[in-house]
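Only one structure is covered here, and it is reproduced in the block below.
The values are calculated or read from the model by the stated rules, or taken from the named source; none is laboratory data. Since the model is a prediction, treat every value here as computed from it, not as a measurement. All Cβ positions, glycine included, derive from the backbone under ideal geometry; neighbour counts span all protein chains shown. Calculation scope for accessible area: heavy atoms of the full protein, side chains included, ligands and nucleic acids excluded. Shrake-Rupley method; radii C 1.70, N 1.55, O 1.52, S 1.80 Å.
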Amino acid sequence: MTTFRIAPSILSADFARLGEEVRNVVTAGADIIHFDVMDNHYVPNLTIGPLVCEAIRPHVQVPIDVHLMVKPVDRIIPDFAKAGANIITFHPEASEHLDRSLQLIRDNGCKAGLVFNPGTPLHYLEHVMDKIDIILIMSVNPGFGGQSFIAQALKKIAEARRMIDASGRDIMLEVDGGIKIDNIAAAAAAGADTFVAGSAIFGKPDYKAVIDAMRAELAKTVAKTVAN
Ligand code: DX5
Ligand code: ZN
């Protein structure tokens, strides 16, 4: 049976109280902490780096999933691994040498993956599938929290699911952008197993209520699949 993982994005957290925020969201049921790194170059926004990753690391036991929206990517990979990242993903357009960047992440002891913008084709995966631990499908254009879900992403999730199944490898399929209680089931039905949600969780007063409601939606998807 599919293991579903909820990965709150700290982009929408209160940065003045980040330690408390990550502890609270894990207590509320988060499986992963999603960590958005933006450089004001690859994307038009600037966020957080390895120092902040290192600062939150002692506060939580769950994996930290570093989503690099930076160009170039290689220089910063070892720094995030040292700062306690468990998963590092990057956008194929941001690296000159995909295979090398993926290998660098793995050599640094982390799980490696590629991130696909709404307009980016999945063909980048073709020759590097053996080095992929996670595929991240963006359902918004990267750079900001709180944007609306782009429904076209569902087709791409389904396509990525087919590629994963054909590979026979254990690869996580994550979706990021505009995920809410009312569309998480559609993303799961398309084949996603890991769900990033920023504003849907950190924007709300009761993190557990949102995460519980998301899990209830995911359970319905499973029930429907079994019934069919
Ligand atoms: C966007 C980031 C997302 C973002 C998601 O570039 O990669 O992780 O924080 O935020 P929401 O869930 O609010 O769309
Ligand atoms: Zn992200």
Filtered residue count, segment 151-181, keeping only those that are among the β-branched types (Val, Ile, Thr) and more than 16 Å from ligand 1 (Cβ to nearest atom): 2
Restricting to segment 95-129, what's the tally of residues that are out of contact with any strand residue (DSSP E or B) (no Cβ under 6 Å at 6 or more places or on another chain), within 22 Å of Pro63 (Cα to Cα) and among the charged types (D, E, K, R)? 1
Within segment 164-173, of all residues that are assigned to a helix (DSSP H, G or I) and in contact with an Asp or Glu (Cβ under 9 Å, 6 or more places away or on another chain), the one most open to solvent (accessible area, probe 1.4 Å) is Ser167
Looking only at segment 182-228, and only at residues there that are in a loop (DSSP other than H, G, I, E, B) and within 19 Å of Ile157 (Cα to Cα), the one that is nearest to ligand 1 (Cβ to nearest atom): Asn183
Please tell me if Pro44 is more than 16 Å from Val196 (Cβ to Cβ) and within 11 Å of ligand 1 (Cβ to nearest atom). yes
Among Leu11, Leu18, Leu68, which is the only one that is open to solvent by 10 Å² or more (accessible area, probe 1.4 Å) and closer than 23 Å to Ile135 by Cα? Leu11
Taking segment 110-137 and keeping residues open to solvent by 10 Å² or more (accessible area, probe 1.4 Å), under 19 Å from Asp65 (Cα atoms) and out of contact with any helix residue (DSSP H, G or I) (no Cβ under 6 Å at 6 or more places or on another chain) leaves Lys111, Asn117, Asp133
